[in-house]
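Read the structure below first, then the notes.
What follows is calculated from the coordinates using simple rules that are stated; it is not laboratory data. Because the structure is predicted, anything quoted here is derived from the model rather than measured. Cβ coordinates were reconstructed from backbone atoms using ideal geometry, including for glycine residues, and neighbour counts include every protein chain displayed.
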Amino acid sequence: MKDRELTSLILPLSGDTVPMKLHGCPFIARSGEEYDLANACLEDIYLGAFSLPLMQTSLAAVISDSRERAKPPATSSAFQYAYACADVIAWATSLGYHPTISILNYDEATLINYEEMMRSGEWSTDGKPLSRSTIETRLMMAISMAEWAHLNGLRAETDFTRITEGAGGYRYALLRPQRTFRIRELPSSENMNRFLRATASSRTYFLGAAIASLTGLRISELCALNLTDIPIDRLSGLDWKVVVVEILGKGDVLRDVTFDRNLVRHIASYIERDRPALLEVCAHRYGEESEIYRDAEKALLLNEHGRRLAPRSTWAAFRKFGRLAGLKNIHPHLLRHWYAASRLRQAHEKLLRKTPEMPTYELRRELELVIGKIQKELGHASADTTMIYLESYLDELAQADKEELSDQFWEAMAA
């Protein structure tokens with residue numbers, strides 16, 4: 001475990017003996033050949049002679065074709081690189097890698113060990129695992145120092161695995177985002193019904209929960225719904241099954257969301273019976289000339305003060321209703337999870353009616369087609385995000401099979 005903080009080791013260069021162009025450049029204030037080499041690398045980064053991409057790109061060090069064209073990083077980024085540079089040196093030193101493994105001749109296996117110790121918390125100031133972005137920054141700096149050393153003839157060519165990308169670019173496998181699935185416990189229909197019944201004391205929150213459960217809307221999208229989004233007055237007397245509403249979602253991406261006849265009927269009832277009284281409360285409380293009232297006139301869902309629902313207060317209200325129902329960790333986004341889980345369960349039941357003994361591999365293939373539809377309905381930019389629901393659902397099925405196997409085992413033992 002790391003036994004000291006490295007921040008105090010990183011100082012800005014200043015003073016009469018330092019060239020003006022290097023004033024402000026971060027400097028590791030410790031003697032030793034490895035620190036001297038790291039400081040030379042930091043100077044080149046600061047001057048733009050050796051460039052690093054932004055951390056968010058998940059790419060490794062990029063050596064500029066023309067050193068004159070390379071841009072130095074922002075000062076805050078330079079100090080972040082300096083800290084990462086000092087950290088990998090301190091780690092290698094603490095494990096006795098010097099002088100057997102020089103700070104500049106380490107290989108991919110060495111950095112994998114470094115990554116594992118950061119990920120496990122074995123190499124951290126508090127013993128807790130470091131965040132993914134922190135680990136990536138430190139690995140990127142370690143790779144960069146090695147590439148810089150090779151560029152300047154201080155070491156042989158590196159062995160870090162590169163992944164070729166479009167337009168002739170590449171990234172390092174060590175910095176490749178890992179495709180992992182977080183298995184979450186999907187909400188059961190029984191618990192969600194308990195929660196929805198608990199919200200019945202508030203027509204607004206009951207309707208909001210119903211809309212989120214049946215459409216998969218995000219809490220921000222739910223609160224942003226306006227009266228004009230669902231043209232109730234134009235639907236009466238027409239033969240229709242669903243209304244398609246265009247929703248502006250995360251990342252300013254438009255998508256179509258369907259509202260079925262039953263849901264629209266409850267929305268129409270709310271608009272006719274409940275909403276006018278809430279709007280009067282708003283007028284009395286804030287005045288009809290206020291911005292709050294003018295916004296409330298447009299909003300579909302109004303809170304007890306007659307204002308448009310806000311994401312934060314809705315989150316708090318849903319938690320309260322969850323506690324009333326005897327449920328833990330209830331939040332608006334859980335209704336979105338329930339929507340995705342319900343779509344998968346519904347599709348699974350249809351498949352079983354058609355093919356009762358469907359093999360698991362075929363079930364996965366069929367449900368992956370459904371996941372594609374759910375991704376579009378939920379507005380996920382990446383299919384990997386939606387795949388979490390499928391992996392969680394399949395894990396739920398597998399767990400049920402394990403429990404059945406356990407029951408059969410103990411029944412057989414008792415016979």
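Odds and ends about this structure:
- Pairs exceeding 32 Å between alpha-carbon atoms, taken from 21/128; 328/354; 328/376: 21/128; 328/354.
- When the helices of the chain are scored as -39500 (n - 2.57) per DSSP H run of n ≥ 4 and the total is divided over every residue, the value at 222 nm lands at -17000 deg cm²/dmol.
- Dipole axis of the chain (+1 Lys, Arg; -1 Asp, Glu on Cβ), positive-most option in 46, 292, 154: 292
- Shown here: the chain, whose C-alpha atoms stretch 82, 77, 43 Å along the first, second and third principal axes, sorted largest to smallest.
- 5 angstrom amide H check on residue 163, placed H, neighbours 5+ away: 171, 172, 173
- Once each of the chymotrypsin sites (Phe, Trp or Tyr not before Pro) sitting in a DSSP loop with at most 15 other beta-carbon atoms within 10 Å is removed, the chain keeps 1-180 as its longest stretch.
- Fully extended contour minus Cα-Cα distance, from residue 75 to residue 150, at 0.36 nm per residue: 24.5 nm
- Nearest 10 degrees, 0 to 90: helix 311-324 Cα axis against the chain principal axis: 70
- The angle separating the long axis of helix 203-215 from the principal Cα axis of greatest extent in the chain is about 60 degrees.
- Highest-fluctuation residue, 377, 122, 221 considered, GNM on the chain with Cα pairs under 10 Å: 122
- Using bins of 5 Å that start at zero, the share of Cα-Cα pairs per bin across segment 179-415 amounts to 1, 6, 12, 15, 16, 16, 12, 8, 5, 4, 2, 1, 1, 0, 0, 0, in whole %.
- About the Cα centre, charge dipole magnitude for segment 184-284 (Lys/Arg +1, Asp/Glu -1 at Cβ), debye: 260
- Residues residue 310 and residue 173, FRET efficiency given R0 of 56 Å [Cβ-Cβ distance, rounded to 0.05]: 0.80
- Theoretical FRET efficiency, 1/(1+(r/R0)^6), r = Cβ-Cβ of residue 272 and residue 188, R0 30 Å, to 0.05: 0.35
- Degrees between helix 33-47 axis and first principal axis of the chain (Cα, 0 to 90, nearest 10): 60
- Of 18, 264, 244, the residue with the greatest mean-square motion in the GNM of the chain, using alpha carbon springs below 10 Å, is 18.
- Most mobile listed residue (222, 174, 22) in the chain, GNM with C-alpha springs under 10 Å: 22
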